[in-house]
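Enquirer: Encoded as structure tokens, here's the structure I'll be asking about.
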Amino acid sequence: MHAEVTEAGRFYLRHGHHPDDPAFTDGGVQAVSAGTSAPATDSRRRGSTGRTRSPTPYSERPVARARRAKARELVERLVAERRVRLAEPDDDEVAEWRRVVDYAKRHGLEPQGKRIEKVRFGAHGVEMFLAEGPHPNSRSQKPKADASTVPVPKRLSPLHPAVAALRDDEERLVIPPMLRRRSLLILQALAAEAVRRGYEVREGRSHYSRREGGVDVVVDGFPYTVTIKQEFPQSTNLERAARLVVELDHGRTSRRGRWRDRKRGTLEDTLGVILGEIETRALEDAKHRVSEEQAKAEREIRWQAAMEKAKQLREEARRWREAAALGEYCDALERRLAELGSAPEESDPAAPRRWLEWARGYARAIDPLGQPREMPTPRDPTPEELKPYLHGWSPYGSERRAGR
């Protein structure tokens, strides 16, 4: 059995209380009931005048300072390296890193517009990386008046070129003028925020119906078509007829892709959620792309290995044919020497026999059947072997590119 004093235990021995004791939070004073003697450790908190010193604020205590330093270091590494991997952490390490990540989240240390995610890595590892936007299942995905709210302009000027092209095309977005104007303002808000986040916006290339229009938001090379239209164009109910709906092409995902005007909120309130959904899909598509590129690279490497084995086979077959021909030559030479017998006129009568012996040895040496080759053992390619075939992507994950 092994016992060890924890960091919190050492803190208690030095200060006389647990570092997370709520009685010693910022500005707090430990209460001592009247008529009850103060604990022995209380004398440590008194100066020479007998006055009780103010307790150290929690944020300045060793445990908090250490956790803050680790959280800042983690964020800096994630910004620089995009991911941090722990190969085989024990339970205590996993728990500590979980507290560090929680500290970073609670104290706003995550980079603007990103969040720290933790996933499993290998059989026992943990991987932390930066993902775009709030978590898809978090409450922050719900429309609310905060930093995720996308401002909608009041005027149709200036417009992004893709939105301006839609405005000037009378054959698209054929809906009542007031709804058309509102639709263009919504698309302009989406386009402006997408550009602010570093994405490309271009004219929609999908085949729209005359009653709808949209733009393409391109994230990391993936285009996502956002369309807007009147939800109930045939309705005689004025309230229903005034409703708009925004749709995001499903592509190969089953994620939500439709947002509508409702009594509890309008489309203008959901624009941040729509862009967050695009960013989430881009992250998933990037992972799919890396997986596909990696599978393609593995097939390429295995094909090259098969070609190498085929070359070896052809080379062995050539050597076998050569060895067989040399063997036939040696047999013929031996028969001829037997017919001629000794040759007195030769200065070295044994020379032909030595030549025959050398020739047979050479034929045996090049004959691949003398030492049959074992079948090569197949293996998976290493990440470094995959790199040349991934077109700039890292074999270690979809959030990193080679050289970044």
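Enquirer: Accessible surface of His160 in the full protein assembly, 1.4 angstrom probe, to the nearest 10 Å²?
Expert: 40
Enquirer: Continuing with this model, one more query. Which order do Met307, Met128 take when ranked by solvent-accessible area (1.4 Å probe, heavy atoms of all protein chains), largest first?
Expert: I get Met307, Met128, largest accessible area first.
Enquirer: Any idea what the relative contact order of segment 145-295 is, in percent, if you count C-alpha pairs under 8 Å spaced at least 6 apart?
Expert: 20
Enquirer: Expressed in nm to one decimal, what extension gain is obtained for the pair Arg258 and Glu203 from 0.36 nm per residue of sequence separation less their Cα-Cα distance?
Expert: So the chain would gain 17.8 nm between Arg258 and Glu203.
Enquirer: How large is ³J(HN,Hα) for each residue in segment 288-299, as worked out from phi by the Karplus curve 6.51 cos²θ - 1.76 cosθ + 1.60 (θ = phi - 60°), to whole Hz, x for Gly and Pro?
Expert: 4, 5, 5, 4, 5, 5, 5, 5, 5, 5, 5, 4
Enquirer: Another one. Among the listed pairs Lys70/Lys287; Lys70/Lys118; Lys114/Lys263, give every one whose C-alpha distance is greater than 19 Å.
Expert: Lys70/Lys287; Lys114/Lys263
Enquirer: Sticking with this one: If you count only protein heavy atoms and use a 1.4 Å probe, how large is the accessible surface of Ser157, to the nearest 10 Å²?
Expert: 80
Enquirer: Here's another thing I want to ask about it. Can you put Trp358, Trp320 in order of accessible area, largest first, using a 1.4 Å probe?
Expert: Result, largest first: Trp358, Trp320.
Enquirer: Please give the contour-minus-distance gain from Phe232 to Glu96: 0.36 nm per residue of separation, less the Cα-Cα distance, rounded to one decimal in nm.
Expert: 43.6 nm
Enquirer: To continue, here is another question. For segment 104-111, take each phi angle, set θ = phi - 60°, evaluate the Karplus expression 6.51 cos²θ - 1.76 cosθ + 1.60, and give the result in whole Hz per residue in order, putting x for glycine and proline.
Expert: 3J(HN,Hα) across segment 104-111, in whole Hz: 4, 5, 5, 9, x, 8, 5, x.
Enquirer: How high is the FRET efficiency from Glu316 to Arg155, r the C-beta distance, R0 60 Å, rounded to 0.05?
Expert: It comes to 0.15.
Enquirer: With +1 assigned to the C-beta of every Lys and Arg and -1 to the C-beta of every Asp and Glu, and no other charges, what is the dipole magnitude of segment 152-219 about the Cα centre in debye, to the nearest 20?
Expert: I would put it at about 300 debye.
Enquirer: Right, another one. Can you give me the Cα centroid spacing of segment 309-340 and segment 175-205 in angstrom?
Expert: That distance is 78 Å.
Enquirer: Using a probe of 1.4 angstrom, how much of the accessible area of segment 190-301 is carbon and sulfur, in percent?
Expert: C and S atoms contribute 46 percent here.
Enquirer: How high is the FRET efficiency from Arg106 to Glu76, r the C-beta distance, R0 25 Å, rounded to 0.05?
Expert: For Arg106 and Glu76, the calculated efficiency is 0.90.
Enquirer: Probe 1.4 Å, all protein chains in place: accessible area of Leu179 in Å², nearest 10?
Expert: Approximately 20 Å² of Leu179 is accessible to the 1.4 Å probe.
The values are calculated or read from the model by the stated rules, or taken from the named source; none is laboratory data. Fair warning: this is a prediction, and the values are worked out from it, not measured in the lab. Virtual Cβ from ideal backbone geometry, glycine too; neighbours counted across all protein chains shown. Surface areas here come from the heavy atoms of the whole protein model, side chains and all, with no ligands, DNA or RNA. Shrake-Rupley method; radii C 1.70, N 1.55, O 1.52, S 1.80 Å.
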